[in-house]
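Trainee: Got a structure for you, questions after.
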Amino acid sequence: MNNPHRIRLVLADVDGTLVRPDKTLTERSRAAVYKLADEHIAFAITSGRPPRGLTMLVEPLRLETPIAAFNGAMMVSPEMTPIDIKTIPSDIVIPVVHHLIERGLDVWIYQHTDWFLRDLAAPHADREQRNVRFTPTVTQDLDGHAEGAVKIVGVSDDRPLVAACEKELREQYGDRVSAARSQPYYLDVTHPDANKGAVVRRLSVDLGVPRDAIATLGDMDNDIEMFIESGLSIAMGQASEDVRRAARRVTQSNAQEGFAEAIERFVLADAP
């Protein structure tokens, strides 16, 4: 099959991109990934989820590439063996946590295999449990888990507030953290070198694929960084105007088989 973009690696976000709104993987999407393998095009995933929240995708997609969890803060093998872990500087964790709480957001802390929160009934906690398929530890002492924190999440259904907090953390901490929304209601804070742009650069080196031969797919603001680093960027149809404008191509939404369409139309098929 003709591959006009000479793509050798496809890197996809998970929630909002690879899976449907109900978090299921469609047969057409799975078939699209298999077609990539038939054309000797590698496939990899990156997500804000912890590694344990990505294990259910390994077998259905026959993943063989490193998996970038926590937006790249943790790289693991398909067998979930850690390859690299970037923790947030411990002197920043507590100030960030306190800032988000004072601004009215709920706060979660993720370590390597653990998830800590203050209230199991907090917004989106139940949904997150279903997504990652493990139970968090409830504690009022988030400060006691600053050491080894891989990701801090600020959570609120007040979307303008979440956006404002993203801006505030970037202004206050500069290049000491990476702060980006992985969903309109989630603000992810990670190590400054843990972002999806860095994931593209890392996989380019590790897999020996030039960045201009990498295609990326995503739907949120934190996916723009990987769009910038890749040769072919594809935004999902339900993405914001800013995200769509940052991409070279736009596909259908994740509720309309947008991932599979993007692979078939922009990676595998002849150029329009």
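Trainee: Once the convex hull of the alpha carbons of the stretch 9-104 is built, what does its volume come to per residue, in cubic angstrom?
Mentor: Per residue, the Cα convex hull of the stretch 9-104 comes to 113 Å³.
Trainee: Please list, by residue number, everything in the stretch 94-112 whose backbone N is under 14 Å from a paramagnetic label point 7 Å out along Cα→Cβ of Phe134.
Mentor: 109-112
Trainee: Separate question: Taking the alpha-carbon set of the chain, what are its Rg and Dmax in Å?
Mentor: Both quantities, over Cα of the chain: 17.8, 57 Å.
Trainee: Can you give the local net charge around His145? Use residues other than it whose beta-carbon is closer than 13 angstrom to its beta-carbon, Lys and Arg +1, Asp and Glu -1.
Mentor: -2
Trainee: With all protein chains present, how much of the accessible area of the stretch 1-78 (probe radius 1.4 Å) comes from carbon and sulfur, to the nearest whole percent?
Mentor: Carbon and sulfur: 47 percent of the exposed surface of the stretch 1-78.
Trainee: What's the longest piece of the chain with no exposed GluC sites (Glu not before Pro), counting a site as exposed if DSSP puts it in a loop and it has at most 11 other beta carbons within 10 Å?
Mentor: So the longest stretch without any such site is 148-272.
Trainee: Here is a further query. Say each of Asp158 and Asp126 gets a label point 7 Å from the Cα, pointing the same way as Cα to Cβ; how far apart are those two points in nm?
Mentor: My value for the distance between the label points is 2.3 nm.
Trainee: Helix-derived [θ] at 222 nm for the chain: sum -39500 (n - 2.57) over DSSP H runs of at least 4, divide by residue count, nearest 500?
Mentor: Computed mean residue ellipticity for the chain: -9000 deg cm²/dmol.
Trainee: Just the Kirkwood number for the stretch 95-148, please: inverse of mean 1/r across all distinct Cα pairs, in Å, one decimal.
Mentor: By the Kirkwood definition, the hydrodynamic radius is 11.6 Å.
Trainee: Output needed: percent of Cα pairs per 5 Å distance bin for the stretch 147-221, bins running from 0 to the one holding the longest distance.
Mentor: Spelled out per bin, shortest first, that is 3, 15, 21, 21, 17, 12, 8, 3, 0.
Trainee: With every protein chain kept in the model, how would you rank Asp114, Asp219, Asp22 by accessible area, 1.4 Å probe, largest at the top?
Mentor: The ordering from most to least exposed comes out as Asp22, Asp114, Asp219.
Trainee: Quick one: net charge of Arg249's neighbours, Cβ under 11 Å, K/R +1, D/E -1?
Mentor: +2
Trainee: Which whole-number value in Å² is the accessible area per residue of the chain, probe 1.4 Å?
Mentor: 42 Å²
Trainee: Mind listing the Cα extents of the stretch 111-190 along all three principal axes, in Å, largest one first?
Mentor: That works out to 33, 28, 20 Å along the principal axes.
Trainee: Moving on to the next point. Once you keep just the Cα pairs under 8 angstrom separated by 6 or more residues, what percentage relative contact order results for the stretch 46-180?
Mentor: Computed over the stretch 46-180, the figure is 24 percent.
The values are calculated or read from the model by the stated rules, or taken from the named source; none is laboratory data. Predicted model only: the values in this text are computed from it and were never measured. Cβ atoms come from the backbone with ideal geometry, glycine included; neighbour counts cover every protein chain shown. Areas reflect the complete protein model, heavy atoms only, side chains present, ligands, DNA and RNA absent. Shrake-Rupley method; radii C 1.70, N 1.55, O 1.52, S 1.80 Å.
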